[in-house]
Each structure stands twice: as C-alpha cells, then as structure tokens.
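What follows draws every value from the coordinates through simple rules; no lab data is involved. Please read all numbers here as calculations on a predicted model, not as lab measurements. Cβ sites come from the backbone with ideal geometry, for glycine too, and all protein chains shown count toward neighbours.
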Amino acid sequence: MKNIVILISGGGSNMAAIARAAREEDWGRRHGAAVAAVISNRQDAPGLGIARSLGIATAVVSHKSFESRERFDDALADAIDAYSPTLVVLAGFMRILTPPFVSRYQGRLLNIHPSLLPAFPGLDTHRRAIEAGCRIAGATVHEVTADLDHGPILAQAAVPVMADDTPERLAERVLAVEHRLYPKSVADWLMRGSSRQA
C-alpha cells in the first residue's frame, strides 16, 4: 500500500478534500494507496478532528517544543517516517521547511499554493493579485524544493478576478478550486507512480 501522509496547521479543508476523494474514488483499489496519517504542528488545529472523524490516524509535532527549525524538522520527519510514506502532502502547513527535510522527501513532497505560480510566491497572494490588476488568479500544485514556491509545477487552475473583489472573496473562490485540483493532482501523481513501477 502506498501511504500518504498529510501535513496541516489549521482547518484542513484541502486535507479533507483529499481524504474524501481517496475514499469515494477507491484509491486503495485504483492506486494501491491510502491516507495513512495527518500530522499537525498545532495541537489545536481543527483539521485534526476532521481527520479523526474520517478514521485517519493523527499526530502532533509542535514546533514550539523545539529550539531550532532543524530540530523540529528532524522530529517531524521521524513522525512522518513512522507511516512509511510514499507521498507527503502539504495542505495548509504553515512552516518553512529546511533544505535537509525537503531533500529527504525530494520528488514525493507536494504543496498547493493559492496563486498561478510563478506569480505571487509567498504570502498575501490574493491582495497582491488584486493590487496588480490581474484579471485571473488561481492555484498551483507543485513539487516542493528548497526554493520557496518554485518547485516543478504539476497542475494549475484559474479563476477570474472580479472588479469588486476583496482578498477574502477571491480567497474563497480559489479555495473552492483547490478542493478539486489538489485531490486530482495527488491521484495523478499516484497514477504516474504506478506507471513507473509497472
């Protein structure tokens, strides 16, 4: 079985979209894969409760318990590796990962970013898109590299920017697109992995 480990920091809506797609589309039969665990750096992350309600194992590795980013990443990697992951998925995980951590999971570490990369890496993407006068915005699924939001692009989806948009309204529409794009991208990644192993 190909184990998927999902990392979250908050509400976990993208995690839930992936987990529900895995169940509804029977990824176990189609891809030999399952969401094995959800891990958060925050004990109070609402997404942990959602994961438990879906029957998924959860764990917490609090970044506040470690004196350095490197020590946190080492502990996080130990928690991830306990599930023998084939794929590690960042779903609203609000920590910048160190190069050694990224290297450890190179080629099997995915993220979703709320812009059409390479435009607007980093934070405040929706406000920046509106202020720049963009007519479209969207989301990008990409492989994670040591360069923040600059890994190989796997998939993108666009949404229009309305004349009266606020960052909050635009964020809602982009998030709705993310909930379709991310599960499909993970399934596509698993399918490519199956093809490579065939």
Discussion item. Just to confirm the number: angle between the C-alpha axis of helix 69-81 and the first principal axis of the chain, 0 to 90 degrees, nearest 10?
Written reply: 60
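Sorted by mean Cβ packing within 10 Å, highest first, what order do the peptides 182-191, 168-177, 60-69 take?
Sorting 182-191, 168-177, 60-69 by mean packing, highest first, produces 182-191, 168-177, 60-69.
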Worksheet, complete the sentence: Of all DSSP beta bridges having both residues in the chain, the percent classed as antiparallel (nearest 5) is 35
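What do you get when you divide the Cα radius of gyration of the chain by 2.2 N^0.38 Å, with N the number of residues? Please list the in-between numbers first.
Values: Rg = 16.5 Å, N = 198, 2.2 N^0.38 = 16.4 Å.
Cα-based Rg divided by the globular estimate yields 1.01.
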Discussion item. Sequence gap at least 6, Cα distance under 8 Å: using those rules, report the relative contact order of the chain to the nearest whole percent.
Written reply: 20
Item to complete: Compute the Cα gyration tensor for the range 2-107, then decide on rounded, prolate or oblate, letting a ≥ b ≥ c be the square roots of its eigenvalues: rounded whenever a/c is under 1.5, prolate when a/b is larger than b/c in the other cases, and oblate in all that remain.
Response: oblate
Discussion item. I'd like the distance separating the alpha-carbon centroids of the range 44-85 and the range 114-180, in whole Å.
Written reply: 26
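Can you compute the helix-only [θ] at 222 nm over the chain? Use -39500 (n - 2.57) per DSSP H run of at least 4 residues, normalise by all residues, nearest 500 deg cm²/dmol.
Working: 7 runs with 82 residues, N = 198.
Calculated at 222 nm, the ellipticity per residue is -13000 deg cm²/dmol.
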